[in-house]
Amino acid sequence: MHRTAYLLLADGRFPSGGHAHSSGLEAAVAAGRVTDLAGLEAFLHGRLSYAAPVTAAFTAATHLTAARMGRAPSATESDVKVPFLSLDRELEARTVSPALRLASRRQGRALLRAGRNTWPSELYGQLPKHPDGPHQPLALGVTTAAAGLSAEEAAQIAAYGVLTGPASAAVRLLGLDPYQVQNLLARMAGSCDEIAAAAAAVAHKSPQELPAHAAPLADISAELHATWEVRLFAS
Amino acid sequence: MRADHAYDHDESVPHTHPEPGVDPHPPLPQLDRAVRIGIGGPVGSGKTALVAALCRALAGELRLAVVTNDIYTTEDADFLKRAGVLDPSRIRAVETGCCPHTAIRDDISANLDAVEELEDALGPLDLVLVESGGDNLTATFSKGLVDQQIFVVDVAGGDKVPRKGGPGVTTADLLVINKTDLAPLVGADLAVMDRDARARRGTLPTIFQSIAQDPQASQVADWVRHVVAHAAGAHAHAHAGAH
Amino acid sequence: MRALARIVAEADGRGGTRLARLRGEPPLQLRHTPDGSATATVHLIGSAAGPLGGDDLRIEIEVGEGASLCVRSVAASIALPGRDGTPSRTTVTAVVAADGELRWLPEQLVAAAGCRHQATSTVELAGGARLLWREELICGRHDERPGDAVVSTSVDYDGAPLLRQSLTIGPGTPGWDGPAVLGGARATGSLLLVDPAAAPAPSAVLGATAVRMPLTGPATLVSATAPDAHVLRGYLDA
């Protein structure tokens, strides 16, 4: 594996549609729940505690399945398609908001497009077909495997993305001082590493046993956001 | 046309056209899909009005759809529908996360998805217009997203705009200088704009227009017809050659 | 304290439901409260404050083909800390056969200061089974910061995952009452409706912090946060 591949995929400039998603921050700002840096800090801690373990674990679990297939080319298609389908259904059952299911699949589709063009592989074609695309963690798991990264790195990129998406949206929506926001992200780095490591450590479990943390306002505000007439962010 | 307009669009407004038989563009690649034309330009330059005019002019002859990166309200959709311009099912709005230039240039995934969704939902299309969100003079479309792009500026933005250049003015396949009916009111010299545009753009075409006076944007519509026919011809040719 | 309660409901062959088994032990006491309908209703009667740290309470429910069971409780349960900091645990497992119906509508769970409570529910629905399942979690008693509580719900329908939710609250989890999770609300909960005979209702906004969402499968979930238990019940009444 190449360290540069890791950086490419983690980079916010990797063209996988992330800039259009605020991960609930636009709705939180509109509801007056996040107005300043302290509000963003509390928001990001919530995202890291609740969204990141699920996203990172499903990313790493998908990566393990994909990497297993990559190592054993003789594996039949069903060897990999069945676990992928199971991961897809388990993640679907953890994503109760239709708006969030759509946002996850749209981001997955965008990532798949970028991944396929950047690190071509047969693996992408094994993901379950869905008109809106694969769930983002599944797409990321396969892309990280195609890029030759490890499951730990896959989980780390997933957890990091959970933080940087809304942080970048906050700079745009609230005009927060970008240096202060970077300082906040740097202060959260240790927690982000821990969450990623914990997710990678459970990735070998059956999909049913993977984390299922729910954050009520994530679902509720995503549904409210989807009803807005005008949105700046897709989610 | 209203009699109180000082400018007669057809006679006194300078414009350049692609010369018949002389095409300044490289040939379009073989397309198994709709031709995609990007429409960009600064805020308020008349992108949405141009899209509406093109739909009015072309909806009867081409299977077309629109992706808009602009802030698009149900009021906008209702307006287009009521004006008989385009059914809402043929329009997709893309959220750009406050980054209009990123969505059309650096990370085009949401726009590509929207184009493909329209093609999946509506069947084969001849033309998809992709309207950018209002930005500044530096915004251009990625070649990964559109086949050709139109950059729209308006005379009210000042007659120095073509001289300022920027990638939109300089490299767009077609430059549209809009709202020529306002030129006398804002003291813009169209001849200066024409001279500067030629200097910036070489052989690339520029069209001066007023949608107030020409609600079908006839010259731009002709240019679009030419692009679509050209792509269809290239397509047919490529297919014929394959046999 | 360890306790096991068991309820087995069967169709009585006359359009009603009989309780083939109804067994509890302190502090899990059960009482059949017939109301003349085709549904058998059972109330959980808390015989002590709790669950207390160290408690391990299990409830097992079986609903047979064509039977209809409703389980309620007479009062909120209050998760309290034990002497030595050991966690308390409540585990509910339910199996509902085809054309069976389970309505699980207990009163709230209150996470009192210092508690360490884990509530885990696992529901297996056969194809054609119906379910109404309410969870309400109150963060602390009056003017009190809660302890740590985890409420996990796992529902399978016809062998496939339908709902997997685990809500963690309390000081052990950074951001738990912040703008991404509860936004300072003291009460939160959900009401799951599984009804294969009806088309899932579309998404709907029920209030500023309450929505109804169709799941992937024959189900809808109402999810809400609220300033108190009373307002929450307004969203989740069934």
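Read-outs throughout are calculated quantities, based only on the coordinates presented, and are distinct from any laboratory measurement. Predicted model, so just to flag it, every value in this text is computed and none were measured. FYI the Cβ positions are ideal-geometry reconstructions off the backbone, even for glycines, and counts take in every protein chain you see.
A few remarks follow.
- Reported count of residues in segment A:1-19, each being part of a helix (DSSP H, G or I) and either more than 9 Å from every other protein chain (Cβ to nearest Cβ) or touching a Ser or Thr at 6+ places or on another chain (Cβ under 6 Å) (or both), is 9.
- Test: residue in segment B:51-67 that is within 14 Å of chain A (Cβ to nearest Cβ) and surrounded by fewer than 19 Cβ atoms within 10 Å (Cβ to Cβ): no
- Some residue of segment C:192-202 being crowded, with 20+ Cβ neighbours inside 10 Å, under 15 Å from the mean Cα position of the chain (by Cα) and either within 9 Å of chain A (Cβ to nearest Cβ) or of a type outside the set (V, I, T) (or both): yes
- Extreme residue, farthest from B:I108 (Cα to Cα), among residues of segment A:110-138 that are free of Cβ contacts under 8 Å to residues at least 60 places away in the same chain and in contact with a Gly (Cβ under 6 Å, 6 or more places away or on another chain): A:P134
- Listed by position, the strands (runs of 3 or more DSSP E) inside segment C:161-236 whose residues that are in contact with an Asp or Glu (Cβ under 9 Å, 6 or more places away or on another chain) and in contact (Cβ under 8 Å) with a residue 40 or more places away in the chain number at least 3 are C:187-194.
- Residue in segment A:185-205 that is over 29 Å from A:V80 (Cβ atoms), within 8 Å of another protein chain (Cβ to nearest Cβ) and outside any loop (DSSP other than H, G, I, E, B) present: yes
- Residue selected from segment A:28-37 under the condition facing another protein chain (nearest Cβ under 10 Å) and out of contact with any Pro (no Cβ under 7 Å at 6 or more places or on another chain), by the criterion nearest to A:G161 (Cα to Cα): A:V29
- No other residue among A:L64, A:L87, A:L91, A:L48 is away from chain C (no Cβ under 14 Å) and either in contact (Cβ under 8 Å) with a residue 24 or more places away in the chain or not small (G, A, S) (or both) apart from A:L64.
- Test: residue in segment B:47-68 that is in a helix (DSSP H, G or I), closer than 23 Å to B:V161 by Cβ and of a type outside the set (A, V, I, L, M): yes
- Subset of segment A:20-51 that is among the hydrophobic types (A, V, I, L, M, F, W, C) and outside any helix (DSSP H, G or I) - its residue that is nearest to A:A170 (Cα to Cα): A:V34
- Verdict on A:R172 being away from chain C (no Cβ under 13 Å), assigned to a helix (DSSP H, G or I) and within 29 Å of C:S223 (Cβ to Cβ): yes
- Looking across segment A:128-152, the residues that are small (G, A, S) and assigned to a loop (DSSP other than H, G, I, E, B) come down to A:G133, A:A147, A:G148, A:S150.
- For segment B:135-194, a residue qualifies if it is charged (D, E, K, R) and in a strand (DSSP E or B), and the qualifying residues are B:D135, B:D154.
- Just so you know, in segment A:70-101 the residues that are more than 13 Å from the chain's Cα centre (by Cα) and within 21 Å of B:E117 (Cβ to Cβ) include one that is surrounded by the fewest Cβ atoms within 10 Å (Cβ to Cβ), and it is A:P98.
- Answer residue from segment A:149-205, given it is of a type outside the set (A, V, I, L, M, F, W, C) and touching a Ser or Thr at 6+ places or on another chain (Cβ under 7 Å) and is nearest to A:A56 (Cα to Cα) among those: A:E153
- One residue from C:G13, C:G50, C:G54, C:G36 being more than 19 Å from C:E124 (Cα to Cα), under 18 Å from the mean Cα position of the chain (by Cα) and assigned to a loop (DSSP other than H, G, I, E, B): C:G50
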